[in-house]
Amino acid sequence: MSSGPIHVAVLTSVHPHDDVRIFHKEALSLAQAGYRVTLLNPEFSGEKQGVRFLRVPVRQGRMGRIAFSWRRYADAALEQHPDICHLHDPELLPAVFPLKRRGVLTVYDAHEDLPLQIRGKPWIPSPIRPGLAWGAGTALVRMARSCDLVFCATELIAGRFSGNTNSVIPLHNYPTLAEFLPVPSVPRERAVCYAGALSPDRGLFQMIGAARAAKAPLYLAGRFETRALEEDICHMPGVAYLGVLGRKELACLYGRCAAGLAVLHPTPAYREALPIKLLEYLAAGLPAITSDFPAWRTLLAGTDCARFVDPLDETALTSSIRELTGNLSLSSALGERGRALIEERYCWEREREQLLRGYRELLQNKQSGR
């Protein structure tokens, strides 16, 4: 163990270096708590807000990355002499074994439900998806048993690891309150917005069609799935593409609109996912128009702060957009209720204590020889 601050190497071969969960929430929280944090990622070297970044290039192509990234990241991490390695991608789990042989404590952070994701992947032939999902899920759980600690973004994911002999702690991807302070003095526009991955299965074409039918401007922010899709969408009337926005710019966007859209299609992974985009809208005092999934209704139960629609029903989506853009007083009232809900139940400020508690227990177990 280091004589100075505990050194944590955070590893991701898939996500951007400034990923919200990985950097803005977890890495910054650890650095602020006194840990020395190095974030190994595929795109950036440098330093931000007390976190050091180290670029570890990965092979091009999905299969090459999956097959070889874990070894490259294990070697790069060991060169940093960390006390703890915090892994964020299933493909990196084989790195646990060489890391543990060198006495490094290992943490796996399960963001998504991998078996459910596989069942919805269009590039995997549908006849083999069930078997592949089962096999991948089984292998994932078995490898994760070798980790000293597992964080899980939802209770459903945590249930997959409940038989592990190590510690399993739910760590929800809730929004940070301080990032999304509502600004009552900013006048709302009769417009709607969406920020995130821009792809058809996230309701992109339904949002465009419904906003156009409701005669409401639509602001889009994020990365398009393909360059061709970006070229097609950016020339459509009524659509304003704002590019990839920083956290402050996102908060400003949410503060000026009448509603935020989160109309993901009913794939197995989306139906059970924790809708962080939806929660960020509410944290900013912005009411949401969102997919009518049972899990999402349960999340907001007892609070009138959103409109639920069939994400494939463009007419229903149009009606909800018209309602909230046509009545800004109603929009503000729903937004205030949503913000109160986030403050009470769903903020990162509460989850941060789960992260730090997990690390404290991990280090205490190491010291006691368990």
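Computed 3J(HN,Hα) for segment 238-244, one whole-Hz value per residue from the Karplus formula 6.51 cos²θ - 1.76 cosθ + 1.60 where θ = phi - 60°, is x, 10, 10, 8, 9, x, 8, glycine and proline marked x.
Straight-distance candidates among the lysines for linking to Lys366, with alpha-carbon spacing under 24 Å and chain neighbours fewer than 8 residues away dropped: Lys100. Counting only lysines at least 8 places from Lys215 when in the same chain, those with an alpha carbon closer than 25 Å to its own are Lys277.
Once the Cα-Cα distance is subtracted from the 0.36 nm per residue extended length, the Phe44 to Phe205 segment shows a gain of 54.7 nm.
With each label modelled as a point 7 angstrom along the Cα→C-beta vector, the Arg223-Arg247 pair spans 1.9 nm. Backbone phi angles across segment 4-17, fed through the Karplus curve with coefficients 6.51, -1.76 and 1.60 (θ = phi - 60°), yield HN-Hα couplings of x, x, 4, 9, 10, 9, 9, 10, 9, 9, 10, 7, x, 4 Hz in residue order; Gly and Pro are listed as x.
Among the listed values (1) 61, 42, 39; (2) 62, 47, 37; (3) 61, 39, 35, the one computed from these coordinates for Cα extents along the principal axes in Å is (2). The DSSP beta bridges internal to the chain are antiparallel in roughly 5% of cases.
What you get for the chain, charging only the Cβ of Lys and Arg (+1) and of Asp and Glu (-1), is a dipole of about 740 debye around the Cα centre. Close amide H contacts of His86 (hydrogens built in the peptide plane, cut-off under 5 Å, sequence separation of 5 or more or a different chain): Ala9, Val10, Leu11, Val107.
Backbone geometry of segment 251-267 corresponds, through the Karplus equation with coefficients 6.51, -1.76 and 1.60 at θ = phi - 60°, to 3J(HN,Hα) couplings of 4, 5, 4, 5, x, 10, 9, 8, 6, x, 9, 9, 10, 5, 6, x, 7 Hz, x marking Gly and Pro.
Considering all different alpha carbon pairs of segment 188-267, the Kirkwood hydrodynamic radius works out to 12.7 Å.
Accessible area per residue for the chain, computed on protein heavy atoms with a 1.4 Å probe, is 44 Å².
For the chain, the share of accessible area belonging to carbon and sulfur comes to 53 percent (1.4 Å probe, ligands and nucleic acids excluded). Taking amide H atoms as placed 1.01 Å from N in the peptide plane, the amide H of Lys48 lies under 5 Å from those of Phe53, each 5 or more residues away in sequence or on another chain. Using Cβ point charges alone (K and R +1, D and E -1), the dipole size of segment 176-297 about the Cα centre works out to roughly 300 debye.
Summing -39500 (n - 2.57) over the DSSP H runs of n ≥ 4 in the chain and dividing by its residue number, what mean residue ellipticity at 222 nm do you reach, to the nearest 500 deg cm²/dmol? Using -39500 (n - 2.57) per qualifying helix, the result is -12500 deg cm²/dmol. The amide H of Tyr241, built 1.01 Å from its N in the peptide plane, has Leu220 as neighbours under 5 Å, considering only residues 5 or more places off or on other chains. Peptide packing for 71-78, 349-356, 84-91 was compared via the average number of neighbouring C-beta atoms within 10 Å per residue; ordered from the highest value, the list is 84-91, 71-78, 349-356.
The values are calculated or read from the model by the stated rules, or taken from the named source; none is laboratory data. The model shown is predicted, which means the values in this text are computed figures rather than measured ones. Note that we place each Cβ from the backbone using ideal geometry, even for glycine, and neighbour counts take in every protein chain shown. SASA here: full protein model, heavy atoms, side chains in, ligands and nucleic acids out. Shrake-Rupley method; radii C 1.70, N 1.55, O 1.52, S 1.80 Å.
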